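The values are calculated or read from the model by the stated rules, or taken from the named source; none is laboratory data. Values in this document were obtained by computation on a predicted structure and should not be read as measured data. Positions of Cβ are generated from backbone atoms using ideal geometry, with glycine treated the same way; all protein chains shown enter the neighbour counts.
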């Protein structure tokens, strides 16, 4: 991990940063660290991808898995309400074809900054645990998670949707969850993104990386399981960052 590059950023959002800090203070969580932009450890990412591939498709009969996802739901709802009611954000489902902000994450960050508005994607296969539709809103818990992850994970620091941006969004957003819920967050973000970007389909038989455009990489199969703790432990990365800055 090299020293953070002060020139990497494309407009952090101080309002989202401050709101995340206030949320954490309200709920007894540590202050989040701003100005993060760690490099992807490719060897570790490949191990995470392999670990995700090896996970059971549905391990929700395991009490630890069910506990993590149950707490994850509670905290998603809490952050959703905080974003809308305390921050005044308009979080709106995308009803047109394709993905919202299809060009790049700059459009999303600009929308959040200028309008306090964010579109979120609703497509894909229904989530086995987070996919139930609330008839009052027409939204699932997975819909709400996509919105708050783009807001607090990506927009706060200006992260893109490529491999490095996703790794840092996981690291940033992890700091806003309890230890129990954060393990489910890791499966849903770091695990899936590692599989998409560093899974075996990205390499040939000799181990050479294939040049597959991001849009052509397959989506990860949705799994209800937990990665090994070593891959969920974001605090080891934060400790390394603190040491570099000290």
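For the reader, a short list of remarks on this structure follows.
- Residue 118 meets all of the listed conditions (1) assigned to a strand (DSSP E or B); (2) more than 18 Å from residue 155 (Cβ to Cβ) but one, namely (2).
- Yes/no for residue 134 being under 28 Å from residue 40 (Cβ atoms) and in contact with a strand residue (DSSP E or B) (Cβ under 8 Å, 6 or more places away or on another chain): no
- Exactly one residue among 131, 124, 98, 153 is part of a loop (DSSP other than H, G, I, E, B) and touching a helix residue (DSSP H, G or I) at 6+ places or on another chain (Cβ under 8 Å), and that residue is 131.
- Residues of the range 137-150 that are modelled with pLDDT under 95 and either under 21 Å from residue 87 (Cβ atoms) or assigned to a helix (DSSP H, G or I) (or both): 137 alone.
- Candidates in the range 1-30 are the residues that are in contact with a helix residue (DSSP H, G or I) (Cβ under 6 Å, 6 or more places away or on another chain) and surrounded by fewer than 17 Cβ atoms within 10 Å (Cβ to Cβ); of these, the one that is modelled with the highest pLDDT is 3.
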